[in-house]
Each structure stands twice: as structure tokens, then as C-alpha cells.
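The values are calculated or read from the model by the stated rules, or taken from the named source; none is laboratory data. Just so we're clear, the structure is a prediction, and the values are computed from it rather than from any experiment. So basically every Cβ, Gly included, is an ideal-geometry build from the backbone, and we count neighbours across all protein chains shown. Side chains are part of the model used for accessible areas, which takes the heavy atoms of the whole protein and leaves out ligands, DNA and RNA. Shrake-Rupley method; radii C 1.70, N 1.55, O 1.52, S 1.80 Å.
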Amino acid sequence: MNRILAGIIFALFISTGYISFLVHERQQELQKLTHYASSWSAGQLVSGYYRFESWLGLYTIDETMTVDDVRLHLDIMLSQSDLLKEGDLGQFIHSNKALNDLAVKLENILNYLDANIEKMTRAEIQGYLKVMYSIDAPLSRLSSDALNKDINLINSANSKIQILYSIYSAISVLLIILSAILGVLIFYQNRNILKAHLQVKSLAGELQESKEKLQIQNTKLEYDAYHDPLTELSNRLFFWDNLNRTIEIAERNKSSVTVMLFDLDRFKEVNDTYGHDAGDMLLRLISQRLLSMSLPAELLYRLGGDEFAILSSDLTENHAVTLAQRICDCINQPYTIYSTIINITTCVGIVNSETERRSDYLYKFADLALYEAKNEGKGKIKVFRQRMLDKLQERRTLEHDMALALVNKEFVVYYQPIVDSYSREVYSYEALIRWVHPLKGLLSPDSFIPVAEKTGMINEMGKSILEMACREAACWAVPVKISVNVSPVQLSSKAFAGIVLSILKETGLPADRLELEVTESSLFTESNMPMNTLNKLRALGVKISIDDFGTGYSSLSRLSQLAFDKIKIDKSFVHSIAKKEDALNIIKLITGMAKSLNMKTVAEGIETQEQLEHLKALGCDFAQGYLFSKPQPFIAREIKYGSISKDEPALLQAPPG
Ligand code: C2E
Ligand code: MG
Ligand code: MG
């Protein structure tokens with residue numbers, strides 16, 4: 001549409017310009033009509049010449065006339081003769097040779113007379129008249145030619161004016177048409193503009209509406225972004241924002257920053273036992289309780305799962321601990337959910353610092369304190385202390401060193417025999433890991449196994465010990481068994497059974513010579529993986545013992561799911577056997593149970609003959625402890641080589657690895 005309009009306006013502009021040009025052209029042609037210059041001048045000249053001839057003729061016959069009368073007419077002629085050279089007539093004469101010659105002749109005649117008329121007699125003039133008469137006819141032709149030329153000019157100007165008029169009319173019509181189209185288009189355009197205006201107006205209305213909706217949505221989104229949908233408490237994002245703000249306030253007021261982290265104890269069990277709905281309900285009830293406590297200056301957050309937090313910038317350490325205790329007491333009150341009474345406790349980690357202003361460090365310190373509280377047990381409150389950080393650093397160093405130790409093969413196996421309680425014959429050797437630390441010397445597993453389990457390094461470590469132990473046992477002359485400890489972390493790995501089988505295959509150790517010692521905690525899990533793995537291995541001939549029996553949470557149903565080969569009675573009972581009747585009774589119970597389940601019993605940690613006698617009396621099948629041998633980097637040579645002879649090599653065997 002705009003292009004059409006632009007085209008029309010351009011056409012109008014051109015047409016108007018052309019009309020101006022036409023008007024100018026018409027003016028030019030009209031001017032030509034008013035110029036009868038050539039014919040008029042020629043007429044004047046020719047009639048003047050004829051008149052002069054007649055005056056000269058009269059002078060020759062009329063004695064009364066003086067030469068002055070003739071001179072007057074000659075002068076008139078002379079003045080008119082300039083017409084022959086100038087203007088339109090001059091141009092006309094110049095364009096024709098014959099006319100030009102005629103003009104020269106006339107000029108010569110007039111010049112001759114001008115020079116001689118006073119000296120000439122009447123007879124001489126009469127004779128000269130004949131010369132003059134000779135150009136009469138050509139002069140009258142000149143006059144008629146000039147007239148013809150002017151008439152032609154007028155005619156052509158007329159026809160040109162006619163054409164111009166036609167063009168003018170056509171263009172005027174075109175202008176009218178274009179104006180009409182322009183009018184229509186402008187009307188149409190106006191209508192469109194009006195329509196567009198209305199549309200824009202309605203769009204603006206809609207936009208305003210959307211803007212308002214968006215604003216509402218934004219407010220909601222902002223709220224959602226900073227709040228936990230379940231409890232409506234401020235969330236982790238808000239916590240970090242406000243932690244930075246709390247630090248700024250504390251910095252201004254030269255006060256301390258307090259970060260408290262709460263973590264519910266055994267919340268997972270609530271979820272697992274009563275379902276996630278009950279878990280959610282419990283979290284909501286806890287939040288409501290916390291909100292109902294008046295905590296004016298503090299801000300409460302749910303960081304996720306069963307973690308809550310409180311921030312403050314004006315608490316002393318004592319106040320913080322008191323507040324944490326109040327919150328714990330409040331949370332610890334029983335809850336009724338779906339007609340069930342649920343009890344829950346919480347651990348708290350607190351950091352209260354006047355100097356530390358880094359938010360991530362404050363959080364980390366509170367988290368370390370919480371970790372320590374959790375390690376101590378349910379419902380504990382711990383305040384961050386530097387030693388916790390040192391411990392963390394130690395753990396990190398240990399992790400790093402352990403990774404290196406694996407590469408450098410610093411882990412070695414020590415062997416401790418398990419003997420028949422009655423005959424004292426070696427039944428098997430238990431492989432016990434040791435770390436030959438380049439700086440700290442020989443380290444016992446208690447100092448690094450828990451960390452290896454946390455980092456997952458136990459998988460690689462366990463694999464390497466299993467491999468070393470199997471390789472060693474495979475070349476013993478007497479085929480006693482080899483017992484290898486297995487961590488719960490290893491057992492929960494899908495790959496474990498495959499690893500055991502490939503090691504057996506690789507080392508050539510028959511499956512029935514391998515005994516795996518698993519702890520009760522390996523089996524006290526939701527997953528069926530450990531049980532399935534052990535059942536699979538046992539079906540292939542591998543023996544399974546429950547280690548440290550009596551210290552964990554073995555459920556009898558779990559025990560019955562896997563027919564274990566042996567139960568190892570924990571050394572804590574063995575040590576107390578002579579002093580505490582309870583211990584004796586427990587061992588009696590365990591041996592009795594093992595017999596009825598068709599399992600053998602092993603007592604570990606036997607240090608005295610007295611302990612051994614008690615255990616024998618209770619029917620304990622196997623015995624292990626310092627009484628027989630401490631864990632050593634070698635095994636008895638009669639086992640290794642089959643017999644004792646003078647020629648055989650020394651008893652001590654270099655530690656593996
Ligand atoms: P455990 O399997 O119950 O091993 C028995 C522990 O009791 C060993 O400690 C052993 O040296 C110690 N012991 C044996 N007889 C006596 C005794 O008469 N008196 C006293 N007081 N202690 C005795 P160790 O070697 O320090 O091992 C500690 C624990 O580390 C083991 O307990 C086992 O759970 C774990 N462990 C050892 N080696 C490995 C391994 O290769 N893999 C895994 N996952 N755990 C291992
Ligand atoms: Mg063991
Ligand atoms: Mg044990």
C-alpha cells in the first residue's frame with residue numbers, strides 16, 4: 001500500500017512538473033503568435049520602398065518639388081534598411097542566398113542615392129528609377145515570403161499549442177484520476193490506520209494485562225525461588241543470600257555471626273517405615289513448631305531434606321547453644337501422624353565467630369560441627385572448634401596419602417592363624433591389612449579403613465588384599481583356608497562377586513579354600529545385593545563367616561536367609577568371659593544358636609589359656625588370638641612348605657608387596 005501511495009505521489013509530482021513545463025512551452029508558442037516580426041518588417045520596408053519610388057517619380061515630373069522632399073523619404077528608407085540586417089527579417093534574409101543578394105542590391109541602390117541624389121538631375125533620377133524598378137518584383141516576393149514564413153510559424157505554433165493543450169488536458173485528467181486514487185487510497189489507508197490504532201489499543205490493553213499477570217507470576221516465582229514448597233520456610237538460596245547479609249550486619253556492628261545447622265536423626269527410617277507422606281507431614285509439623293517459637297532476630301531456613309538452619313548476627317556462643325537446646329527440646333516432643341506417635345531428635349552444628357567473615361567457611365565450620373555431633377550420636381549439639389578443622393585436614397591428607405599408597409603398593413598383608421580349639425591345628429589364616437607408611441611406619445587398619453570406606457577407595461584396596469592373599473595361599477603346601485575381610489562397601493557393589501571369581505581363577509585358588517569375613521552391618525541394609533552376592537559365592541564353594549558377631553544388629557531373619565558357614569564371636573565377649581557372666585552367657589547363646597543352625601563358631605581375641613578353656617567348655621570350634629600367634633607378615637613354614645627339615649629356608653618370610 002505504501003509503495004502504491006509513494007508511486008502515485010511521485011506520479012503527481014512528475015505530472016505537476018510536466019504541467020509547469022507545458023505552460024512554459026505554451027507561453028513560448030503564444031509569444032511566437034504575437035511576433036509578426038518578419039512579415040511586418042518586410043511589409044514596412046517594401047511599402048516604404050514603393051512609396052520612395054513614387055516620390056522619386058513625382059519629383060522627376062513635378063518642378064515644384066524640391067530635392068529636400070525626396071531626401072526626407074530617402075532618409076526614411078535608409079533608416080528602414082537596417083531591418084534587412086537585424087531581427088527576425090535579418091535572420092530570414094540571411095538564411096536565403098537570393099534574398100541576401102536582393103538585400104545587398106537594395107542597400108547599394110539606397111547608398112548610391114544617398115551619396116548622389118543632390119547632384120543628380122531629374123532626368124538622371126528618372127533613368128535611375130528603372131534600376132530601382134528592377135527590384136520591385138523581388139521585393140514584393142520578399143514581402144510575401146516573409147508573410148508566408150510568419151504564417152507558417154503561426155500555424156506551427158498553433159498546432160503545437162493544440163498538441164500542448166491535448167497533453168495538458170490528458171495530464172490534467174491523469175492528475176484528476178491520480179488525485180482520486182490518492183484520495184481513495186488515503187481513505188483506505190486512514191481506515192487501516194484507524195483499524196491498526198484500534199488493534200494497537202487492544203494490544204496495549206492485553207499487554208498491560210499480561211504485564212500485570214507477569215508481575216504476579218514474577219512475585220510468585222521469586223517467592224518460589226526463595227521458599228521451600230513443603231514447609232514454606234526460606235530455602236537454601238535465601239539462606240546463602242541472607243548469610244552474606246548477616247555477615248555485613250555483623251561487620252557493621254562489630255558483632256559475631258552465628259550459623260546453626262540442624263539435621264534430624266534417623267529421618268530416613270521415618271520415611272522408610274511410615275512412608276514419604278508421613279515424612280513430609282513430619283517436616284511440616286517441625287517447621288510449624290519452629291515458626292511458633294518466637295525467634296525474632298533469627299531467620300529460619302530449610303536447606304533441603306531434613307536439614308534446617310538458623311542465622312544470627314547478635315548471639316554469643318552461650319546464647320546460641322541455649323537457643324539450639326530450646327529448638328532441640330521443641331523438635332524432640334512427640335508427633336502424632338496418621339494416628340501414630342513418632343519421636344524424632346536432631347543434631348546441631350554451631351559456628352559462632354567474631355572474626356570469620358567468609359560465608360562458605362562459616363557454613364563449612366557449622367557443617368563440621370554437625371558432622372562431629374552426628375558422629376557422637378542422636379540429639380547432640382556441637383560448637384565448631386579449630387581441632388575439627390585439623391581433623392578434617394588430617395582426613396584429607398590421609399585420603400591423599402592412601403591414594404598414593406595404593407599406587408606405590410604400600411599396603412601389605414599380615415597373617416593370623418585360626419586354629420582348631422582342641423587340636424590346635426591350623427585351620428586357616430586370616431589376612432589382615434597393614435599400611436607400611438613411609439613416614440609413620442606400620443599402620444593398623446582401624447586408622448585408615450573407615451576413611452577408605454567413606455571415599456570408596458576400599459574397593460580397590462580390598463581387591464588388592466584379596467588378590468595378594470589368594471595368590472599367597474595358592475602356593476602353600478598344606479591347603480589350609482585363607483580368610484579375607486570384606487567391607488560392607490565392597491559387598492554393596494554389583495561387581496564384587498565377579499571380582500572374587502576372577503581372582504580365584506587368576507590365582508588358581510580353589511573356591512572352597514577362600515573364606516570371606518563379613519560384618520553384621522553388611523547385611524543390615526535395605527538392599528538385597530549383599531545377600532544375593534554372598535549366596536552366589538557360597539553356591540560356588542566360597543565359605544562365609546559373620547565377623548564381630550554380637551556387636552551389630554543381626555536380625556535372625558537375615559541370618560536364616562543366608563546359611564553362613566561360621567560365626568566369629570567378637571573379641572569383646574572373649575575378653576570378658578572370665579570376668580563377666582553376661583559375656584559367658586552370650587557366648588553360650590551364640591554357640592548354641594550356631595550349632596542349631598549347623599554353623600561353626602570361631603572365638604577371636606583369645607589371649608589366655610583360661611579364655612581358651614572356657615570357650616572349649618562352651619563347644620567353640622575354632623580359636624584365634626595372641627595366645628596362638630599375633631598377625632605376622634609370614635605364615636608357619638610347615639604350612640608353607642609342608643614339613644620341617646633342617647635344609648629348609650628360614651622361618652621368616654619377607655612381607656608380601
Ligand atoms: P577383625 O576382622 O575382627 O580382625 C581381628 C582383629 O583383632 C585384628 O585387628 C587382629 O589383629 C586383632 N586381634 C587378633 N587377636 C587378638 C588378640 O588376641 N587380642 C587383641 N587385642 N586383638 C587381637 P586388626 O588387624 O587391627 O584389624 C582390625 C579390623 O580391621 C579387622 O577386624 C577387620 O574388621 C579390619 N580389617 C583388617 N584387614 C582388612 C581388610 O583387608 N579388609 C577389610 N575390609 N577390613 C580389614
Ligand atoms: Mg576378621
Ligand atoms: Mg573380628
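What is the log10 of I(q)/I(0) for the stretch 254-350, computed with the Debye formula using one identical point scatterer on each Cα and no solvent, at q = 0.10, 0.11, 0.22 Å⁻¹? The computed values of log10 I(q)/I(0) come out as -0.27, -0.33, -1.12.
Over all distinct Cα-Cα pairs of the stretch 183-324, the Kirkwood formula returns a hydrodynamic radius of 19.2 Å. Probing with 1.4 Å while keeping every protein chain in the model, the per residue accessible area of the stretch 404-471 equals 46 Å².
For trypsin sites (Lys or Arg not before Pro), the sites in the stretch 98-167 that DSSP calls loop and that have at most 16 other Cβ atoms within 10 Å are 119. Remark: spin-label model distance residue 495-residue 581 equals 5.4 nm, labels positioned 7 Å along the Cα→Cβ axis.
How big is the gap, in Å, between the Cα center of the stretch 524-544 and the Cα center of the stretch 485-502? Between the Cα centre of the stretch 524-544 and that of the stretch 485-502, the gap is 9 Å. Radius of gyration over Kirkwood radius for the chain, both on Cα atoms: the Rg/Rh ratio is 1.71. Taking all Cα pairs closer than 8 Å and separated by 6 or more residues, the relative contact order of the stretch 1-159 comes to 37 percent. Considering only 458, 489, 540, and ranking their Cα positions along the charge dipole of the stretch 437-589 that arises from unit charges at the beta-carbon of Lys, Arg, Asp and Glu, the one farthest toward the positive end is 540. Residues whose amide H lies under 5 Å from that of residue 303, counting only those 5 or more places away or on a different chain, are 308, 309; hydrogens are built 1.01 Å from N in the peptide plane.
Let a ≥ b ≥ c be the square roots of the eigenvalues of the Cα gyration tensor of the stretch 439-572; is it rounded (a/c under 1.5), or, if not, prolate (a/b larger than b/c) or oblate? Rounded, since a/c falls under 1.5. Extension gain, residue 148 to residue 27: 0.36 nm times the residue separation minus the Cα-Cα distance gives 41.3 nm. Remark: the residue 112-residue 245 segment gains 35.2 nm on full extension, using 0.36 nm per residue and subtracting the alpha carbon distance. Inter-label distance, residue 85 to residue 101: 2.2 nm, where each label sits 7 Å from its Cα along the C-beta direction. Could you compute the FRET efficiency for residue 588 and residue 336, with r as their C-beta to C-beta distance and R0 at 41 Å, rounded to 0.05? It comes to 0.40. In order along the stretch 512-523, phi translates into HN-Hα couplings of 6, 9, 9, 10, 9, 9, 10, 8, 4, 4, 4, 9 Hz, rounded to whole numbers, per the Karplus curve 6.51 cos²θ - 1.76 cosθ + 1.60 with θ = phi - 60° and x for Gly and Pro. Shown for the chain: the carbon plus sulfur share of the solvent-accessible area, taken with all protein chains present and a 1.4 angstrom probe, equals 57%. Between residue 273 and residue 422, what FRET efficiency follows from the Cβ-Cβ distance if R0 is 51 Å, with the result rounded to 0.05? Plugging the Cβ-Cβ distance into 1/(1 + (r/R0)^6) gives 0.65. Taking θ as phi - 60° and the Karplus parameters 6.51, -1.76 and 1.60, the scalar couplings of the stretch 594-610 work out to 4, 4, 5, 8, 6, 10, 8, 10, 10, 9, 9, x, 6, 10, 10, 5, 4 Hz in sequence order, x denoting glycine and proline.
In terms of its Cα atoms, the stretch 285-405 spans 55, 35, 22 Å along the principal axes, sorted from long to short.
Ordered by 1.4 Å accessible area with all protein chains kept, 638, 410 run largest first as 638, 410. Could you compute how much accessible surface residue 223 exposes when probed at 1.4 Å, giving the result in Å² to the nearest 10? Approximately 90 Å² for this residue.
Within the stretch 222-306, all pairs of alpha-carbon atoms sorted by distance into 5 Å bins from zero give the percentages 3, 13, 20, 22, 18, 12, 7, 3, 2, 0. Shown is the FRET efficiency for residue 220 and residue 94, computed with R0 = 60 Å from the Cβ-Cβ distance and rounded to the nearest 0.05: 0.05. The label point for residue 455 and the one for residue 526, both projected 7 Å from the Cα toward the Cβ, are 2.8 nm apart.
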